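K.L.:
To start, I am sharing the structure in question, which I have written as structure tokens.
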Amino acid sequence: DIHIQYERVGADVTMKCGSMDWDATVTWTANGTDIDESHLNGSYLILKNVDLTQSGQYSCYEGSSWHLKYQTYLRVGTPPREPVLMCRSNNYPKGFYCSWHLPTPTYIPNSFNISVIHGTKEMVCEKDAVPKNRCHIRYLQLFSTVKYKVTLTVTNALGKNFTTLTFDEFAIVKPDPPESVVAKPVPNNPRRLEVSWQNPSSWPDPESFPLKFFLRYRPLILDQWQHVELSDGTSHTITDAYAGKEYIIQVAAKDNDIGTWSDWSVAVHATPWTEEPKHLTTEAQITETTSASTSSFMVPPTTKICDKGAVVGSGAVAVCWTAGLVVAAYSVLFI
Amino acid sequence: GDSWGIFTFLCAALCNLPALPALNCSEELGAGQSIQQTYDLTRYLEHQLRTLAGTYLNYLGPPFNEPDFNPPRLARAERVPSATVDLDLWRGLTDNARLAANYRAYSRLLCYLRVLDGQVGTAELRHRLAHFCASLQGLVLSIGGVMSSLGYPLPAGPAGPPAGPPGAPPAPNDFLKKMDDFWLLKELQTWLWRSAKDFNRLKKKVPPAVVTLRLEARGF
């Protein structure tokens, strides 16, 4: 007869040696190791203020014959805290899924029961094999005004707890991030990067339920992101990249009309096209090279009246007035 | 003042008129009434409704303005046209049926809203409701315009006088009256979400070019 005993952390545990009398002579072992007599009260084993390390197999042997009289597995744990529940529709309009977990472990087995009520109807949330602690529901009706109420109850030998979520069909729509994000330089365009991506594969019907996208990008050396929102299409050309700088780019998706933005996609890195550096031999060739560049930080040759030393270089922002106007004109031409 | 009087007259007239002949409708709205514009209008209304509903539910007071408020649907609430529909059924709707469902729903919702308008307490609320009604009327006309330009007949006029279809009793008490208002706003909100999806589908299936072509064929 296998016994399992569940006890709370910090509790005092008394183990009886089966049907033996209180005054019988017995020896207790914990995982095969003898337990000192000081823990015994007659034939009872007393464990005070148990902790997790005291989980294990406890056996009781009759004094002289060394017959095994009783055996039990002690599992020390805690009753469940309020579980964390999340429901989300990443495959609208097919349905939604709910997933849950316990904020702290209980160290003993737990069972979960989930109930989904829509108005007066109880719906069945089918448990997923993988990952565990997840179930999914198919919508029978679309555009419902009645909220869904999901209750998750977690039970173990030491207690139970539960949490409830109530939401509208539209509120939980959140697609998965876009997939296959690719960023490429554009030949002969030092300030452009071509970004393309695909709809998340979990989104079942992008024709009837189109997604819109949010692109963010920045050079690795800066902290500030640039943002672009795109209402259709799965590609975009960045036209204001800083020449020669490596960029980090991410895309997010959202249903055109309802719900919330997806998480950011996996980040991709790309550097805009740069001209092959020419072999510099004369002053004249150096001037030619700088004037051909379209970086906003490079000063065109007509502004030699300004102090060159103060202007040339990627970090320099201080340009004198006339240079600034000419640079602006150049930039407009090249964007 | 003056504009309010004219507006009420217009509302009453439009509420009770039979379906406008297709020719008149197109003339009124002008050529090029596209599905895109109707879609944009539903988005604008959805945005407007958020503010209106917030104000109105606060006016009704608790529990109606509580975010978790999730009352059971009473039988009487069935008068208000529901956007809820079986998924496969919704997918399979013909363009005509899809447009007609929207047209009928908003026509009726507009009538109910106007009743609300007449009873509401604060001046701010009256002003907001009036503005919303005007925009909603614009949406109904817009949908009608799309239907006419595609050659579909407009559905029969909105159901019944503002008091509701015959046989439906008025709310017996203040709380139930507030419940009616709550559900009206909820259905309106859901319809606007649904319409965005309806018009998305229509956009893909009927590009604006087709709409203008048909108008040309009619000699406009």
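The values are calculated or read from the model by the stated rules, or taken from the named source; none is laboratory data. Here the structure is a predicted model, which means the values were calculated and not measured. Note that we place each Cβ from the backbone using ideal geometry, even for glycine, and neighbour counts take in every protein chain shown.
K.L.:
Tell me the residue from A:Ser208, A:Ser265, A:Ser231, A:Ser202 that is within 21 Å of A:Lys184 (Cβ to Cβ) and hydroxyl-bearing (Ser, Thr, Tyr), please.
P.N.:
Of A:Ser208, A:Ser265, A:Ser231, A:Ser202, the one residue that is within 21 Å of A:Lys184 (Cβ to Cβ) and hydroxyl-bearing (Ser, Thr, Tyr) is A:Ser265.
K.L.:
Out of the residues in the range A:100-121 that are loosely packed, with under 12 Cβ neighbours inside 10 Å and within 14 Å of chain B (Cβ to nearest Cβ), which is nearest to the chain's Cα centre (by Cα)?
P.N.:
Looking at residues that are loosely packed, with under 12 Cβ neighbours inside 10 Å and within 14 Å of chain B (Cβ to nearest Cβ), I get A:Lys121.
K.L.:
Could you check A:Ile46 against (1) of a type in the set (A, V, I, L, M, F, W, C); (2) buried (at least 18 other Cβ atoms within 10 Å of the Cβ); (3) within 15 Å of A:Val13 (Cβ to Cβ) and say which number it fails?
P.N.:
Condition not satisfied by A:Ile46: (2).
K.L.:
Return yes when B:Ala134 is surrounded by fewer than 17 Cβ atoms within 10 Å (Cβ to Cβ), free of Cβ contacts under 8 Å to residues at least 12 places away in the same chain and away from chain A (no Cβ under 14 Å) and no when it is not.
P.N.:
Judged against the criteria, B:Ala134 is not a match.
K.L.:
Okay, next question. Can you tell me which condition A:Arg134 does not meet? The list is (1) in contact with a Leu (Cβ under 9 Å, 6 or more places away or on another chain); (2) among the basic types (Lys, Arg); (3) more than 14 Å from chain B (Cβ to nearest Cβ), and all the others hold.
P.N.:
(1)
K.L.:
Okay, moving on. For the range A:182-196, does any single residue satisfy the condition of being within 30 Å of B:Lys186 (Cα to Cα), surrounded by 15 or more Cβ atoms within 10 Å (Cβ to Cβ) and out of contact with any Gly (no Cβ under 8 Å at 6 or more places or on another chain)?
P.N.:
Looking for residues that are within 30 Å of B:Lys186 (Cα to Cα), surrounded by 15 or more Cβ atoms within 10 Å (Cβ to Cβ) and out of contact with any Gly (no Cβ under 8 Å at 6 or more places or on another chain), one finds none in the range A:182-196, hence no.
K.L.:
Can you tell me which residues in the range A:1-20 are among the charged types (D, E, K, R) and within 9 Å of A:Tyr44 (Cα to Cα)?
P.N.:
Within the range A:1-20, just A:Lys16 meets the criteria.
K.L.:
I'd like to check something: does the range A:35-45 contain any residue that is touching a Ser or Thr at 6+ places or on another chain (Cβ under 8 Å) and acidic (Asp, Glu)?
P.N.:
Looking through the range A:35-45, none of the residues is touching a Ser or Thr at 6+ places or on another chain (Cβ under 8 Å) and acidic (Asp, Glu).
K.L.:
Given the conditions (1) at pLDDT 50 or above; (2) away from chain A (no Cβ under 14 Å); (3) not in a helix (DSSP H, G or I), and given that B:Ala31 satisfies all but one, which numbered condition is not satisfied?
P.N.:
The single condition B:Ala31 does not satisfy is (1).
K.L.:
Related question: Given (1) away from chain B (no Cβ under 14 Å); (2) assigned to a strand (DSSP E or B); (3) surrounded by fewer than 18 Cβ atoms within 10 Å (Cβ to Cβ), identify the lone condition not met by A:Asp176.
P.N.:
(2)
K.L.:
Considering the range A:248-273 alone, what residues qualify as being acidic (Asp, Glu), over 15 Å from the mean Cα position of the chain (by Cα) and in a loop (DSSP other than H, G, I, E, B)?
P.N.:
The answer is A:Asp257, and nothing else.
K.L.:
Shifting gears a bit: For A:Asn91, work out the one condition from (1) assigned to a strand (DSSP E or B); (2) under 29 Å from A:Val228 (Cα atoms); (3) at pLDDT 95 or above it doesn't fulfil.
P.N.:
Evaluating A:Asn91 over (1) assigned to a strand (DSSP E or B); (2) under 29 Å from A:Val228 (Cα atoms); (3) at pLDDT 95 or above leaves (1) as the failure.
K.L.:
While we're here: Count, please, the residues in the range B:86-113 that happen to be in contact with a strand residue (DSSP E or B) (Cβ under 7 Å, 6 or more places away or on another chain) and farther than 17 Å from B:Asn200 by Cα.
P.N.:
1
K.L.:
Okay, next question. State whether the residues of the range A:169-188 include one that is of a type in the set (Phe, Trp, Tyr), touching a strand residue (DSSP E or B) at 6+ places or on another chain (Cβ under 8 Å) and under 18 Å from A:Cys87 (Cα atoms).
P.N.:
no
K.L.:
So B:Pro67 passes all but one of these: (1) within 11 Å of another protein chain (Cβ to nearest Cβ); (2) at pLDDT 95 or above. Which condition number does it fail?
P.N.:
Single failed check for B:Pro67: (2).
K.L.:
If we only count helices (runs of 4 or more DSSP H) wholly inside the range B:64-158, which ones have 1 or more residues that are closer than 23 Å to A:Tyr139 by Cα and out of contact with any His (no Cβ under 9 Å at 6 or more places or on another chain)?
P.N.:
B:87-92, B:95-119
K.L.:
So in the range A:239-265, with the set limited to residues that are aliphatic (A, V, I, L, M) and farther than 30 Å from B:Arg201 by Cα, which one is nearest to the other protein chains (Cβ to nearest Cβ)?
P.N.:
A:Ile249
K.L.:
Can you find a residue that is more than 14 Å from chain A (Cβ to nearest Cβ), at pLDDT 90 or above and surrounded by fewer than 17 Cβ atoms within 10 Å (Cβ to Cβ) anywhere in the range B:96-112?
P.N.:
Scanning the range B:96-112 turns up at least one residue that is more than 14 Å from chain A (Cβ to nearest Cβ), at pLDDT 90 or above and surrounded by fewer than 17 Cβ atoms within 10 Å (Cβ to Cβ).
K.L.:
Which residue out of A:Phe214, A:Phe209 is on the phi < 0 side of the Ramachandran plot, within 14 Å of chain B (Cβ to nearest Cβ) and surrounded by 15 or more Cβ atoms within 10 Å (Cβ to Cβ)?
P.N.:
Step by step, each of A:Phe214, A:Phe209 is checked, and only A:Phe209 is on the phi < 0 side of the Ramachandran plot, within 14 Å of chain B (Cβ to nearest Cβ) and surrounded by 15 or more Cβ atoms within 10 Å (Cβ to Cβ).
K.L.:
Within the range A:138-152, is even one residue away from chain B (no Cβ under 14 Å) and at pLDDT 95 or above?
P.N.:
yes
K.L.:
Further, regarding this structure: Closer than 21 Å to A:Pro109 by Cα, out of contact with any His (no Cβ under 7 Å at 6 or more places or on another chain) and either of a type in the set (A, V, I, L, M, F, W, C) or not assigned by the TED database to the domain that holds A:Ile108 (or both): is that true of A:Leu40 in this structure?
P.N.:
It is false that A:Leu40 is closer than 21 Å to A:Pro109 by Cα, out of contact with any His (no Cβ under 7 Å at 6 or more places or on another chain) and either of a type in the set (A, V, I, L, M, F, W, C) or not assigned by the TED database to the domain that holds A:Ile108 (or both).
K.L.:
Have a look at A:Thr78, A:Thr27 and point out the one that is in contact (Cβ under 8 Å) with a residue 24 or more places away in the chain, closer than 30 Å to A:Asn110 by Cα and either surrounded by fewer than 10 Cβ atoms within 10 Å (Cβ to Cβ) or not aromatic (Phe, Trp, Tyr) (or both).
P.N.:
A:Thr78
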